[in-house]
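To start, the structure under review is shown below, and the notes come after it.
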Amino acid sequence: YQRRVRGTISINDLVAALRLLPNTENLKLEEEIAENNNLETLAEAELRKCAEIIEKAANTLLSFKPREQPKSDPTIIDESDINEAILTATKAIAGATHKLVVSAEAAQHDRRENVASKKGSKYHADPAWANGLISAAQEVAGAVQHLVKAANDSVDGKAQEEALVSTARAVAAATAHLVSASKAKSDPNSSSIKNLSVAAKLVANATSKMVDAANQASKFKEESQKDEEVTGMKGGMGNSKIQELEIQTKIAQLERQLEQERQKLGRLRKARYTKK
């Protein structure tokens with residue numbers, strides 16, 4: 001056993017020494033080549049899996065309920081219009097991210113074939129990059145899942161519009177990460193990368209529309225609350241004083257929750273950087 005270990009170390013030392021010679025920096029052991037090729041295949045499979053996850057998430061979106069009767073004034077935006085805009089934007093984001101991940105999968109397939117056919121070229125296997133690509137794809141799929149849930153909850157009145165904005169921006173950031181990782185090792189003139197760029201623009205446009213829809217929903221709720229407050233103030237001075245105390249209590253609760261969330265975010269970021 002000890003002889004076998006010494007032999008392995010000697011071979012590794014020999015390969016390391018040979019890599020110092022001119023034009024031998026890409027010299028690899030057979031086991032290392034096999035491991036890298038497997039990782040390239042794994043990256044492609046993971047991209048395919050993430051595309052399937054996004055497609056399934058899109059299928060869980062609530063169906064928009066048609067109006068029971070036409071609007072009396074088509075120029076006025078109501079809650080039904082906002083819910084339709086939210087669901088439409090979410091579907092557009094899910095569709096665009098699905099196309100983007102499929103294009104990234106195609107680019108990875110092309111690159112994997114180049115790894116096999118162009119050993120020693122710029123298409124050499126890169127485990128760190130492949131792992132980064134897998135991580136970026138998983139990040140996109142997870143962000144889309146959260147967005148779909150936030151959209152369904154918002155339409156059902158179970159979530160705040162801030163959740164839509166934050167998840168939409170998370171999708172945009174995740175897709176930018178995936179696009180960057182995919183383009184880093186691919187032929188910029190390939191059809192898959194061109195399709196990737198087109199899909200990335202679709203994601204950006206769709207997320208922008210989602211943010212607009214969420215802001216509209218927030219304004220609509222604010223206006224409704226103002227109307228309720230005006231109605232409540234008509235109840236007399238005593239009722240107004242009670243409302244003031246309730247508002248002050250709520251402000252104190254929100255400030256405490258905000259500080260707790262800031263501390264939680266700080267701990268999360270610290271833990272992430274510590275792992276790196």
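The values are calculated or read from the model by the stated rules, or taken from the named source; none is laboratory data. Just so it is clear, the model here is predicted, and its values are computed rather than measured. Positions of Cβ are backbone-derived with ideal geometry, glycine not excepted, and every protein chain shown enters the neighbour counts. Quick note on the areas: whole protein, heavy atoms, side chains included, nothing else; ligands and nucleic acids left out. Shrake-Rupley method; radii C 1.70, N 1.55, O 1.52, S 1.80 Å.
Quick check, is GLY235 modelled with pLDDT under 80, of a type in the set (Gly, Ala, Ser) and surrounded by 10 or more Cβ atoms within 10 Å (Cβ to Cβ)?
On the way: modelled with pLDDT under 80: yes; of a type in the set (Gly, Ala, Ser): yes; surrounded by 10 or more Cβ atoms within 10 Å (Cβ to Cβ): yes.
Yes, satisfied.
Do you know which residues across the range 153-211 are aliphatic (A, V, I, L, M), at pLDDT 90 or above and closer than 19 Å to GLU84 by Cβ?
Within the range 153-211, ALA168, ALA206 meet the criteria.
Yes or no: GLU139 among the acidic types (Asp, Glu), at pLDDT 90 or above and either surrounded by fewer than 17 Cβ atoms within 10 Å (Cβ to Cβ) or within 15 Å of the chain's Cα centre (by Cα) (or both)?
Details: among the acidic types (Asp, Glu): yes; at pLDDT 90 or above: yes; either surrounded by fewer than 17 Cβ atoms within 10 Å (Cβ to Cβ) or within 15 Å of the chain's Cα centre (by Cα) (or both): yes.
In short, yes.
Any residue at all in the range 66-84 that's open to solvent by 60 Å² or more (accessible area, probe 1.4 Å), within 28 Å of ALA170 (Cα to Cα) and either modelled with pLDDT of 85 or more or part of a loop (DSSP other than H, G, I, E, B) (or both)?
Yes, the range 66-84 contains at least one residue that is open to solvent by 60 Å² or more (accessible area, probe 1.4 Å), within 28 Å of ALA170 (Cα to Cα) and either modelled with pLDDT of 85 or more or part of a loop (DSSP other than H, G, I, E, B) (or both).
Within the range 177-199, count every residue that is assigned to a helix (DSSP H, G or I) and open to solvent by less than 60 Å² (accessible area, probe 1.4 Å).
Residues of the range 177-199 that are assigned to a helix (DSSP H, G or I), as a first pass: 177-184, 191-199.
Then drop every residue that is not open to solvent by less than 60 Å² (accessible area, probe 1.4 Å), which leaves 178-179, 181-182, 192-193, 196-197, 199.
Final tally of qualifying residues: 9.
Within the range 155-171, is even one residue closer than 17 Å to LEU133 by Cα, of a type outside the set (A, V, I, L, M) and open to solvent by less than 20 Å² (accessible area, probe 1.4 Å)?
Scanning the range 155-171, I find no residue that is closer than 17 Å to LEU133 by Cα, of a type outside the set (A, V, I, L, M) and open to solvent by less than 20 Å² (accessible area, probe 1.4 Å), so the answer is no.
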